[in-house]
Structure formats: C-alpha cells, structure tokens
Amino acid sequence: MSNPHASRLATNRSRLGHKVRYALRHPRRVVPYLRRASRDTWLRLRHRGSHVAYYRAVMASDTARSPEAAVGGVPSRERWLAIGQMQYDYLVGHGLKPQDRMLEIGCGNLRAGWRFIEHLEPGHYYGIDISPDILIEAKKTVVRYGLQEKLPHLTPVDDLTLDFLPDSWFTVIHAHSVFSHSPLEVIDECLAHVGRVLAPGGFFDFTYDRTETNEHQVLGEDFYYRTQTLVALAEKHGLVAHVMDDWERLPHGQSKLRVAHTRLNALD
Ligand SMILES: C[S@@+](CC[C@H](N)C(=O)[O-])C[C@H]1O[C@@H](n2cnc3c(N)ncnc32)[C@H](O)[C@@H]1O
C-alpha cells in the first residue's frame, strides 16, 4: 500500500519552485503570505540572535488578532475544539489517568489543556509557554470552562531548562505543535533537561513537522525535521524515542514521537 503522507514528506517548502506552484494553486493566499513574510523579516531583525524573543513577538502579534489562529493557524472555534479533542482523546486512549502529573510545554491558550485540566486531579496540570499574551488567553479559557478549582499552574518561561521544576515529577509531558516552530537548539535544550523532571516509567510526547527530504524552515516560524535527527538527539541525552504510528492515522499534518527513559513495554 502506498504511503498516504508520501507527498507531504517529500515536499521542501523552502524551495522557490514549491512556492511558485503553491501560489498558482492558491492565489488568494499570496497576499497574506507576503504580509506574513514582511512581518517575519521585521521581527527577525528586531530580535536577532534570540529565537524565543522573536517567536514571543510573533505570538503577541498573532494573539492580538485571534487567539484561536495564534495556536492553530486558522481563526475557527470548531477547529480549535477539534484539535484539542484529538490531543485529549489520544492521551486518554494511551492511559492518561486523573492521578497523572502532567506538564504541557507550549500550552498556548489551553486548546487541549482545558480538557486535561478537567480530567486530572486538582494541581496535576502544569502548563508553560514563552508567550505571556497567550497565557493571559489561557487564564480566560480556565474561566470559560469553570476550572478554577482544578488549580492549574500556568507559567511563562524564557527557555526550556525546566530548572524551576522538581526531579522525577511528571508522569506525562506533552508538547503539541511546539517543536514544529522550534530550531534544533531549542529542542536540544528541552531534551537535555526533560529527563530530569520525567518520572520513572513516564513519557514525553511531542509532535513535529516531518520531512524525508532535506531539513528546512519556512520563514522563522516553521521547521521540518527528519525523524532520525530527533531520535538521535534524544539518544544523545540518554533517552529513547519512538514514532507513534497510531498518531499518523489521525487527520493531523504532523508526526509524533514518544520519549522515555527506557523502552516502554506498551510500545513492544
Ligand atoms: C501552535 S501553538 C500550540 C499550542 C498548544 N500546544 C496547542 O496545541 O494548542 C505553539 C505554542 O508553543 C509556544 N512555544 C513556542 N516555542 C516555545 C518554547 N521554546 N517554549 C515554550 N513554549 C513555546 C507558543 O508560544 C505557542 O503558544
């Protein structure tokens, strides 16, 4: 059977040829893309040398326009709900229990987080994000769903050293559509430190934009990695990473890796 993702995985979106073909197929997207590209150039110049500062500025600008679009690319409530549901159903399907202690890296405005908060015992959800603007929206989501008594933690961060969090604490760590916006040094920093806060037997799931051609980026915002690069990075930090094949079957354009201290039985 042919791989339904073959064309997506073989596309190099940074190539001029791809951009021209894409523009011819989607002429209405040309002007918004040019607008985004000029904002990108300005923000990259302004925050030269710091991807986090640059991306925080992207999030501030996107959040001011639409919090739903800031975390998902399209200003649609239905899509916001559906992608959150997909993340939630997946983890519950993989055994997420109310007693789990969860860290969500890049929690955004709690698209999936509000469902995790509802499911988990009070105080068991910890969301971190580089963007104060989106965390203010996250607080509004807590209010909208009446989750105050679940006492979620919502914390802005400047890096992914996780130095303020305790050893061996989190049984589930989750990052959805975060490394798809991260250069390799940010992922490296996360993988260098995540093992310390991950409980024995726990796991860290993250999605990434996968390519099977050359690794590349589009503007400063979207990064495409080969799976082997990320698996090797996890190994460098003493962790084991596996592609989650059941995630590939879901209607989401990214792939998912599960990282743990050792190979997890459930994956055998
Ligand atoms: C596309 S949104 C996804 C948000 C959420 N995970 C979801 O699925 O709705 C990416 C989020 O990751 C955050 N982010 C990006 N880079 C980050 C980093 N290095 N550390 C923490 N958060 C980051 C952004 O501010 C943004 O809120």
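Derivation of every value follows stated rules applied to the coordinates shown; laboratory data play no part. This structure is a prediction, so every number in the text was calculated from the model and none was measured. In this analysis, Cβ positions are derived from the backbone assuming ideal geometry, glycine residues included, and neighbour counts consider all displayed protein chains.
How about region 168-188: which of its residues are closer than 23 Å to residue 97 by Cα, more than 8 Å from the ligand (Cβ to nearest atom) and in a loop (DSSP other than H, G, I, E, B)?
Of everything in region 168-188, those that are closer than 23 Å to residue 97 by Cα, more than 8 Å from the ligand (Cβ to nearest atom) and in a loop (DSSP other than H, G, I, E, B) turn out to be 168, 169.
For residue 195, indicate whether it is within 21 Å of residue 112 (Cβ to Cβ) and away from the ligand (no atom under 16 Å from the Cβ).
no
Within region 102-130, take every residue that is within 12 Å of the ligand (Cβ to nearest atom) and more than 13 Å from the chain's Cα centre (by Cα) and give me the one that is surrounded by the most Cβ atoms within 10 Å (Cβ to Cβ).
Restricting to residues being within 12 Å of the ligand (Cβ to nearest atom) and more than 13 Å from the chain's Cα centre (by Cα), the top hit is 116.
Can you say whether residue 146 is surrounded by fewer than 20 Cβ atoms within 10 Å (Cβ to Cβ), without any contact (Cβ under 8 Å) to a residue 12 or more places away in the chain, farther than 30 Å from residue 40 by Cα and more than 16 Å from the chain's Cα centre (by Cα), as far as the supplied structure shows?
Criteria met by residue 146.
Here's a check for you: in region 131-167, which residue that is near the ligand (Cβ under 10 Å from one of its atoms), part of a helix (DSSP H, G or I) and among the hydrophobic types (A, V, I, L, M, F, W, C) is farthest from residue 192 (Cα to Cα)?
So the residue we want is 138.
Quick one: which residue in 35, 77, 15, 28 is within 14 Å of the ligand (Cβ to nearest atom) and more than 30 Å from residue 200 (Cα to Cα)?
On inspection, the qualifying residue turns out to be 77.
Give me a count of the residues in region 30-49 that are free of Cβ contacts under 8 Å to residues at least 12 places away in the same chain and surrounded by 13 or more Cβ atoms within 10 Å (Cβ to Cβ).
3
Taking the criterion of being farther than 27 Å from residue 137 by Cβ, charged (D, E, K, R) and in a helix (DSSP H, G or I), would at least one residue in region 41-62 satisfy it?
So far as region 41-62 goes, no, none of its residues is farther than 27 Å from residue 137 by Cβ, charged (D, E, K, R) and in a helix (DSSP H, G or I).
Residues 69, 53, 138: which one is without any contact (Cβ under 8 Å) to a residue 12 or more places away in the chain and under 16 Å from the mean Cα position of the chain (by Cα)?
69
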